[in-house]
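> Pasting a structure here, questions to come.
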Ligand code: GLP
């Protein structure tokens, strides 16, 4: 599929720096960009690079807005494993973004359906994200859209699969309960972004990345839907690209200099 560009990175640091360069280029060409942001361990290095570009004066988030993919149900923003906390720690508290322009679902809302509708309305009002960052779950999930019988539409509450709960247990204290549910943007909303960058690092995800980008498009592999998006850039390191041959990668690896 030629709508998917591949940026081959040497390692995690290189992937993170190349991803940050793309976001920085976006902010430089459109300071009031709407950034679709992701959590998980994969984008941490990208955020570190963005913070250092900000400190050097290369970029500003002052006019930018952000909309995040998902949040755990039941965790307050002050909880160290909440995605709000993650974003504050890794980006929002470190740069000049206006906090009122940063958006995540509220995992503590009593009325979950009403919170999903609120987030849907917000996404509608904000318009299409200029650039959406995604990570890849081990089972092919994007945001918290787990493998299922159909591709989801709008914001919804999901029961996390056992494998996702186990994968995310490493972030929680020993004995602490990992949330079983999350609020997540739907696949249709993610696909609404003008541009998508998918970050993948490490050999553990190599087979899944290859399957998602080149295999059957199926909701059992949620990331496979990206094959239908007109502008996807996969930034992955050498171990994560291990299952691709040269032709599949278009023979082209490129980077944007800031
Ligand atoms: C979580 C997040 C996803 C993320 C995935 C992979 O489930 N909801 O957005 O892509 O984990 O996380 P990691 O990057 O830590 O492997």
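The values are calculated or read from the model by the stated rules, or taken from the named source; none is laboratory data. Please read all numbers here as calculations on a predicted model, not as lab measurements. Here the Cβ positions follow ideal geometry from the backbone for every residue, glycine too, while neighbour counts run over all protein chains shown.
> Checking the conditions here, which among 78, 71 is touching a helix residue (DSSP H, G or I) at 6+ places or on another chain (Cβ under 7 Å) and free of Cβ contacts under 8 Å to residues at least 24 places away in the same chain?
Checking each option against the conditions leaves just 78.
> Checking residue 85 against (1) in contact with a helix residue (DSSP H, G or I) (Cβ under 8 Å, 6 or more places away or on another chain); (2) within 20 Å of residue 115 (Cα to Cα); (3) within 15 Å of the ligand (Cβ to nearest atom), only one condition comes out false. Which one?
Failing condition for residue 85: (1).
> Let me ask another. What residue, of 140, 107, 74, is in a loop (DSSP other than H, G, I, E, B) and within 18 Å of residue 226 (Cβ to Cβ)?
Answer to the selection: 140.
> Looking at region 162-184 only, could you name the residues that are within 15 Å of the chain's Cα centre (by Cα) and more than 9 Å from the ligand (Cβ to nearest atom)?
183
> Does residue 193 qualify as being at pLDDT below 95 and either within 16 Å of the ligand (Cβ to nearest atom) or closer than 26 Å to residue 121 by Cβ (or both)?
Values: at pLDDT below 95: no; either within 16 Å of the ligand (Cβ to nearest atom) or closer than 26 Å to residue 121 by Cβ (or both): yes.
No: the conditions fail for residue 193.
> On the basis of being part of a helix (DSSP H, G or I), under 18 Å from the mean Cα position of the chain (by Cα) and surrounded by 22 or more Cβ atoms within 10 Å (Cβ to Cβ), does residue 132 make the cut?
Considered against the rule, which asks whether it is part of a helix (DSSP H, G or I), under 18 Å from the mean Cα position of the chain (by Cα) and surrounded by 22 or more Cβ atoms within 10 Å (Cβ to Cβ), residue 132 comes out as no.
> In addition: Residue 149 is checked against (1) more than 11 Å from the ligand (Cβ to nearest atom); (2) outside any strand (DSSP E or B); (3) farther than 18 Å from residue 217 by Cα and fails just one. What number does that condition carry?
Only one criterion is unmet by residue 149, namely (3).
> I need the full set of residues from region 162-193 which are touching a helix residue (DSSP H, G or I) at 6+ places or on another chain (Cβ under 7 Å) and assigned to a helix (DSSP H, G or I), in order please.
187, 189, 191
> Keeping to region 1-56, report how many residues are in a loop (DSSP other than H, G, I, E, B) and in contact with a helix residue (DSSP H, G or I) (Cβ under 6 Å, 6 or more places away or on another chain). Even if it seems obvious, please write down each step before you answer.
First, the residues of region 1-56 that are in a loop (DSSP other than H, G, I, E, B): 1-3, 10-11, 30-33, 38-43, 56.
Those still in the list that are in contact with a helix residue (DSSP H, G or I) (Cβ under 6 Å, 6 or more places away or on another chain) too: 1, 33, 39.
Selection size over region 1-56: 3.
> In region 57-71, which residues are in a loop (DSSP other than H, G, I, E, B) and touching a strand residue (DSSP E or B) at 6+ places or on another chain (Cβ under 9 Å)?
Answer for region 57-71, where residues must be in a loop (DSSP other than H, G, I, E, B) and touching a strand residue (DSSP E or B) at 6+ places or on another chain (Cβ under 9 Å): 61, 64, 69.
> Please give the number of the condition residue 203 fails out of (1) surrounded by fewer than 17 Cβ atoms within 10 Å (Cβ to Cβ); (2) over 15 Å from the mean Cα position of the chain (by Cα); (3) over 20 Å from residue 7 (Cβ atoms).
(3)
> Pick from 255, 240, 223, 212: which is in contact with a helix residue (DSSP H, G or I) (Cβ under 7 Å, 6 or more places away or on another chain), modelled with pLDDT of 95 or more and either assigned to a loop (DSSP other than H, G, I, E, B) or farther than 15 Å from residue 141 by Cβ (or both)? Outline the logic, then answer.
Numbers: 255 fails: modelled with pLDDT of 95 or more; 223 fails: either assigned to a loop (DSSP other than H, G, I, E, B) or farther than 15 Å from residue 141 by Cβ (or both); 212 fails: either assigned to a loop (DSSP other than H, G, I, E, B) or farther than 15 Å from residue 141 by Cβ (or both).
Only one candidate qualifies: 240.
> Right, something else. Exactly one condition in (1) crowded, with 18+ Cβ neighbours inside 10 Å; (2) not in a loop (DSSP other than H, G, I, E, B) is false for residue 93; which is it?
Every listed condition holds for residue 93 apart from (1).
> Within region 143-161, take every residue that is touching a residue at least 60 places away in the same chain (Cβ under 8 Å) and under 22 Å from residue 42 (Cα atoms) and give me the one that is surrounded by the fewest Cβ atoms within 10 Å (Cβ to Cβ).
In this case the residue turns out to be 147.
> If I filter region 152-161 down to residues being within 16 Å of residue 107 (Cβ to Cβ) and outside any strand (DSSP E or B), which single residue comes out as farthest from the ligand (Cβ to nearest atom)?
Selected residue: 155.
> Also, I was wondering about something else. Have a look at 34, 22, 10 and point out the one that is surrounded by fewer than 24 Cβ atoms within 10 Å (Cβ to Cβ), at pLDDT 95 or above, over 24 Å from residue 187 (Cα atoms) and in contact with a strand residue (DSSP E or B) (Cβ under 8 Å, 6 or more places away or on another chain). First the steps, then the outcome.
Values: 34 fails: over 24 Å from residue 187 (Cα atoms); 22 fails: over 24 Å from residue 187 (Cα atoms).
So the residue among 34, 22, 10 that is surrounded by fewer than 24 Cβ atoms within 10 Å (Cβ to Cβ), at pLDDT 95 or above, over 24 Å from residue 187 (Cα atoms) and in contact with a strand residue (DSSP E or B) (Cβ under 8 Å, 6 or more places away or on another chain) is 10.
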